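Just so it is clear, none of the values below were taken in a lab; they were calculated from the coordinates. Because the structure is predicted, anything quoted here is derived from the model rather than measured. Cβ atoms come from the backbone with ideal geometry, glycine included; neighbour counts cover every protein chain shown.
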């Protein structure tokens, strides 16, 4: 008998034929998709199941994949407004990160996971670069395990960067960085029934020595795992790298042989044409974070040019200190609208292409495309059920992808399944006590702001104009 049968839904498969199947069913056995097809055929083939979800009038999508966030930053919402990147780092984010404790990291990761699930996100790459005290990776991973979320944990680090505003408590020696990175990988990579992977994640080129970057590249190859790093988010990143290393950040990575198909570069807003060609030639992947780029006035990444070059580009929210949400539905809409407005061309990117970026290209960016990113037989049962009838915003529904991108909200995400397990049902999280987490996270965030001295930023005067 089947474990789970979803029936009478419209299924947006994202398979190679990009089929959208009306009056369809999805058969799930264990953690895998056993069958996807017309309802009548699957009902005749399988009969019933231990659990049946009636999804008449609803749409099933592959789970969204957020390829870049910093979970600890969800405690900092609203403290970093109206700052350029260097000031945002030095005045708010770095001081806050310097006083992180295990409880902070745990509740922040729970918050990220809650918002991810409510927005149909089943996989998250958490880029944890703040390690002011030992073993802060562990509470983050514990939170993801409790939520049932699929995740890549990026063990981040900096062994340089004080001159650029990185707090001294966040700059660590290479020996301790390397020892703990190996510890985290050996303990957690492949854990949680395979839902948790560990990557190496240097915070920036200008925040790491060449020696450390070379060690990370070599170690990732030996461990057969991935690398992710911020690159050319703003002109500051390029200038800081030139001062630190004598070359712009992307040139440093090219020179040391860092780049390849196991590397996910984040932002890439200020790449030159030659550098775009380089990424294509080396099959490097990119995480585009449009809301963060707008929030920090970093600029508009040349995403249409990258897509034209057939570079794999996925989507990320970035940390909530430079976005203020973890809502991937919002990211979908902003991605489409930003590039239409910037190019003055409404055809430069389509709703369908943006959805591909958040699913198939997200899976490719994480080198997980053999198991997630589409609803196909044999892949993991990671999906969400979208109900347009839960609010007026999504009604009427004429085309499911258009509605998802332009007319949706978290209220429309009715059910989320990860690894065949229902982790959100009728809009409510099933794995943890959400109300209790929200109460505790508020208290934890307030205590962190007091410790870091950033609570003053919440009491800023009314500023109708910046001048």
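Going by neighbour counts of Cβ atoms within 10 Å, the residues 306, 357 line up, fewest first, as 306, 357. Ordering 163, 197, 23 by the number of other Cβ atoms within 10 Å of each residue's own Cβ, fewest first, gives 163, 23, 197. How big is the Rg/Rh ratio for the range 84-159, C-alpha atoms only, Rh by Kirkwood, two decimals? That ratio equals 0.99.
The spacing between the range 97-121 and the range 170-243, judged by their C-alpha centroids, is 21 Å. Mean silhouette area of the range 1-47, derived from the convex hull of its C-alpha atoms and averaged over all directions, reads 3.1 nm².
Hydrodynamic radius of the range 1-137 by the Kirkwood approach over all distinct alpha-carbon pairs: 18.1 Å. A helix-only calculation puts the chain at -10500 deg cm²/dmol for mean residue ellipticity at 222 nm, using -39500 (n - 2.57) for each DSSP H run of at least four residues, averaged over all residues. DSSP finds beta bridges in the chain, and of those with both partners inside it, around 45 percent are antiparallel.
Normalising by residue count, the range 424-467 has a Cα convex hull of 133 Å³ per residue. Run the quick spin-label model on residue 19 and residue 209: label points 7 Å from Cα toward the beta carbon, then report their separation in nm to one decimal. According to this spin-label approximation, the distance is 5.6 nm.
Expressed per residue, the C-alpha convex hull volume of the range 164-270 stands at 111 Å³.
Taking other Cβ atoms within 10 Å as a rough exposure proxy, 426, 361 sort from fewest to most as 426, 361.
In the range 48-110, the convex hull through the Cα atoms has an average projected area of 8.2 nm², a quarter of its surface area.
When DSSP beta bridges are restricted to pairs lying wholly in the range 283-427, around 75% turn out antiparallel. Length, then width, then depth: along the principal axes, the Cα atoms of the range 272-409 run 48, 38, 32 Å. By DSSP, the beta bridges lying fully in the range 1-85 are antiparallel in about 65 percent of cases.
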